[in-house]
1. Would it be correct to say that Ile224 is free of Cβ contacts under 8 Å to residues at least 12 places away in the same chain and in contact with a strand residue (DSSP E or B) (Cβ under 8 Å, 6 or more places away or on another chain)?
2. Show the residue pairs that are 6+ apart or on different chains and have beta-carbon atoms under 6 Å apart, the first residue being within region 228-253 and under 22 Å from Lys275 (Cβ atoms), the second being among the aliphatic types (A, V, I, L, M) and in a helix (DSSP H, G or I).
3. Residue check: is Ser160 touching a Cys at 6+ places or on another chain (Cβ under 9 Å) and either among the hydroxyl-bearing types (Ser, Thr, Tyr) or without any contact (Cβ under 8 Å) to a residue 12 or more places away in the chain (or both)?
4. Which is under 20 Å from Cys282 (Cα atoms) and touching a strand residue (DSSP E or B) at 6+ places or on another chain (Cβ under 6 Å), of Leu240, Leu200?
5. If Asp171 passes every condition in (1) within 26 Å of Asn13 (Cα to Cα); (2) crowded, with 16+ Cβ neighbours inside 10 Å but one, which one does it miss?
6. With respect to the numbered conditions (1) in contact with a Leu (Cβ under 8 Å, 6 or more places away or on another chain); (2) over 22 Å from Gly208 (Cα atoms), which one is the sole condition not fulfilled by Ser250?
7. (1) surrounded by fewer than 19 Cβ atoms within 10 Å (Cβ to Cβ); (2) of a type in the set (D, E, K, R); (3) at pLDDT 95 or above: which one isn't true of Asp110, the others all being true?
8. Output the residue which, of all residues in region 174-202 that are without any contact (Cβ under 8 Å) to a residue 40 or more places away in the chain and assigned to a helix (DSSP H, G or I), is surrounded by the most Cβ atoms within 10 Å (Cβ to Cβ).
Amino acid sequence: MLYRHFFDQNEDNSVNDYVQWAKETDIDILLVQVDGFDGLPINNVSGSINDFCTYPEITKNHPFIQGQVDRVKRIFSELKDTAIYGLLYTPYNNIKKTAKYSFESKINIDNEFYKENKVIDNTMEFAQKCNDILLEEYYKIGIEGVMISLRNGGNEAIPSDIYRKRLLKWDEHLVSKANSYFKNNIIHYCAWYGKNDLSLWSHLESAGINWDTHVEQDPGTNEIMTITKANDYFDKNITLIAGFNNRANSLIYSNDEETIKATTKKYISEARGRKFIIGADCSIDSSISSETIRWIIEAAKI
């Protein structure tokens, strides 16, 4: 399971790009991103937090929903031998993405989080409704499941005690709702902006866990959460999804076929026979060739 973004949207809603990439790489699991529909359908009118007080009527027919469902549905119809997953962000992460993309980061949502409790909570209710509708529509399509991205790392992290009081319930709802529709959902701990406090989410149920083996740490020991370490930390029934460092200049960006294949086998051996899917810490860059991904697949099949 290696996944990437298609930031340059085209008239085909990027469907052909996904299908072509999946066929070229021969990957087993395809994650469909939300590119072009990042954040929430909230209009930037005043450029202030006041804009987060007005929301459109959101139904399955709203373009924000339709666009994402159309992409997943048509990709699913083209790739019958590939497990298709839709990506969902938590309500607060969708608010942060709205501030970043629609408002060009002119609103510091983390500051507003402490000042405008009611506005933020109301917006999270709206974001939750968007996710609930998407889940129902994805279920109707018949895809394998969804990958839920959880993030609270880096300089923008909310202190864990406050996170538990104000944000955790929204994550719990999203995961529970997803599990009511699908049996094989994946939780992704996104550490692109820095390590997370994994203890926040250790009680959440999922079929698979995808985490950053080069950044995340065991909350108890502060040791790096390698694949070997994860064997003891995560529930034995959970499938581990991990492997390559996705950051620039790491091995996966090289043309070293021999080392890439050897490293693939090394990661698999570190899983020590438990359910394991070879992947990466997060999305890989578009510069990585399909040939490189095929090397990884070839090594995994031997």
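1. Answer is yes for this residue.
2. Leu240/Ala230; Ala242/Ile227; Phe244/Ile252
3. No; evaluated as a whole, the condition is false for this residue.
4. That would be Leu240, the only listed residue that is under 20 Å from Cys282 (Cα atoms) and touching a strand residue (DSSP E or B) at 6+ places or on another chain (Cβ under 6 Å).
5. (1)
6. Tallying (1) in contact with a Leu (Cβ under 8 Å, 6 or more places away or on another chain); (2) over 22 Å from Gly208 (Cα atoms), Ser250 fails exactly one: (1).
7. Single failed check for Asp110: (3).
8. Among those residues, the one meeting the criterion is Val175.
The values are calculated or read from the model by the stated rules, or taken from the named source; none is laboratory data. Not measured: the values here are computed from a predicted model. Note that each Cβ is placed from the backbone with ideal geometry, even for glycine, and that neighbours are counted across all protein chains shown.
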